[in-house]
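Below is one structure; the comments refer to it alone.
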Amino acid sequence: MAKHLFIVSRQQPELFSYLSREFSAESEVTVIIDRRQGQRRANEERAARDEWAANAERSANAERAANEERAANVERVANEERALARANRRQSDRRRKAELVGQLSSLGYAFVRLA
């Protein structure tokens, strides 16, 4: 069964209410309000914590990367093919995100088919 998602602009609370009522009986349709707002980081303290955590993770990742390099050489060809597939998918994801942002600003909502 296909799943669908309505993302409604924060500037359209009446539309959100209307769509929520209209699709309340439909289990395959979800209506949400656009959650994006302002800066992602709440304050400088959180930014400092995030930077510390990122530095610790980078250090751990560097050690793991050295150990994994030997195994990576064996699977190099397969990884290159997967990387190409991911790059193509990322490009289409970016295009899709731009379309959704355009729909939210022009229509007040975006409609997404999830599966």
Please list, ordered by first then second residue, the pairs with beta carbon atoms under 7 Å, 6 or more apart or interchain, first in segment 30-54 and within 28 Å of S105 (Cβ to Cβ) and of a type in the set (K, R), second at pLDDT below 80 and outside any loop (DSSP other than H, G, I, E, B).
R41/A47
Checking A83 against (1) at pLDDT below 75; (2) more than 19 Å from the chain's Cα centre (by Cα), which single condition isn't satisfied?
(2)
Of (1) among the acidic types (D, E); (2) farther than 13 Å from I7 by Cβ; (3) modelled with pLDDT of 70 or more, D93 fails just (3)
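Determine whether V112 is at pLDDT 70 or above, under 16 Å from D34 (Cβ atoms) and not in a helix (DSSP H, G or I).
Numbers: at pLDDT 70 or above: yes; under 16 Å from D34 (Cβ atoms): yes; not in a helix (DSSP H, G or I): yes.
Taking the combined requirement at face value, the residue satisfies it.
The values are calculated or read from the model by the stated rules, or taken from the named source; none is laboratory data. This is a predicted model, so every value here is computed, not measured. Cβ atoms come from the backbone with ideal geometry, glycine included; neighbour counts cover every protein chain shown.
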